[in-house]
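Notes follow the structure.
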Amino acid sequence: MGQDPDAADNRWLHEAFENQIPIIYFLGIAPGRYQAILSTFISGWDAKALKARVAFGLPDNEALEPPENALERRYALRTVKQRLHQASFREAVITAYNGRCALSGLPEPLLLDAAHIVADKDERFGQPLVPNGIPLSKIHHAAFDAHLIGIDPDYRLHVSERLLGQNDGPMLEALKRLNGGTIHLPNRTKDLPDRERLALRFERFRAAA
């Protein structure tokens, strides 16, 4: 912070470095939203360059100890990156749709997931971008992942014959009524679900029928 390595805030960081005291690292994931990362350690200190190096501790490590070797540091960093990816992707997708499920309109963000259209393991189309995500309630997310509900490139909803042929209570009926409808769309054009990704996912839905 600033140009003086001996300023109060910088001295506290230096003390955390020398004594390997864990700190909490707050990383911004959306306007006004932060992800707290614990445990975090100052692993390097360069007063001349005005830089401090950060390392992350192993997850679920109650001892709050710094990583002992390069393998532990890489594992901890990879775990943190995965958590941040999930948190930032979810926040961005749900915010784009004003906190509502794209299928049911449910307006409770705490009950929503950010579903990938194309899974993130796909290197070409699986990037954590809003056009590759749709906010879905837990039940709709499960149905989407099981290919019981499909979304075509024109944003129309399709319910599998497996569900349409069943009769068993109001929850199932609510899912069946989605057939032939369209999803709720975000306000901004740049946030619309990507049609090419939807086409790829819809082919998988049809193949599973």
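The values are calculated or read from the model by the stated rules, or taken from the named source; none is laboratory data. Just so we're clear, the structure is a prediction, and the values are computed from it rather than from any experiment. With ideal geometry, Cβ positions are generated from the backbone for all residues, glycine too; neighbour counts draw on all protein chains shown. We work out accessible area using only protein heavy atoms, side chains counted, and drop any ligands, DNA or RNA first. Shrake-Rupley method; radii C 1.70, N 1.55, O 1.52, S 1.80 Å.
Descending by average beta-carbon neighbour count within 10 Å, the peptides 192-202, 118-128 line up as 192-202, 118-128, the highest first. Working from Cα pairs under 8 Å separated by at least six residues, relative contact order for segment 107-209 is 30 percent. Be a star and scan segment 138-162 for residues whose amide nitrogen sits under 20 Å from the point 7 Å along the Cα-to-Cβ vector of Glu173. Zone members listed by number: 139-140, 159-162.
Taking a straight Cα-Cα cut-off under 30 Å and skipping sequence neighbours fewer than 8 places away in the same chain, the lysines within cross-link reach of Lys81 are Lys48, Lys51, Lys121, Lys138, Lys190.
Among the protein heavy atoms of the chain, carbon and sulfur supply 52% of the accessible surface, probe 1.4 Å, non-protein parts ignored. Below 15 angstrom from the Cβ of Ala208, what's the summed charge of the other residues (Lys, Arg +1; Asp, Glu -1)? Around Ala208, the charge tally is 0.
Near Thr182, the amide H atoms lying under 5 Å from its own belong to Leu157; only residues 5 or more places off or on other chains count, and H is placed 1.01 Å from N.
Across segment 50-55, coupling constants 3J(HN,Hα) worked out from phi with the 6.51/-1.76/1.60 Karplus curve, θ = phi - 60°, read 6, 10, 10, 9, 10, 10 Hz, and Gly and Pro carry x.
For the chain, the relative contact order comes to 14 percent (Cα pairs under 8 Å, sequence separation of at least 6). Remark: segment 8-51 carries 68 Å² of accessible area per residue (probe radius 1.4 Å; ligands, DNA and RNA excluded). For Ser104, the amide hydrogen comes within under 5 Å of the amide hydrogens of Ser137, counting only partners 5 or more places away or on other chains and with H modelled in the peptide plane.
Take Thr182: with every protein chain present and a 1.4 Å probe, its accessible area is about 90 Å². Residues in segment 124-193 average 54 Å² of solvent-accessible surface per residue, probe 1.4 Å, ligands and nucleic acids excluded.
Listed values (1) 26, 18, 17; (2) 45, 17, 15; (3) 23, 18, 16 include one computed from this model; for semi-axes √(5λ) of the Cα gyration tensor in Å that value carries the label (2). The gain in end-to-end length when the Leu38 to Thr182 segment is fully stretched comes to 47.7 nm, 0.36 nm per residue minus the alpha carbon separation.
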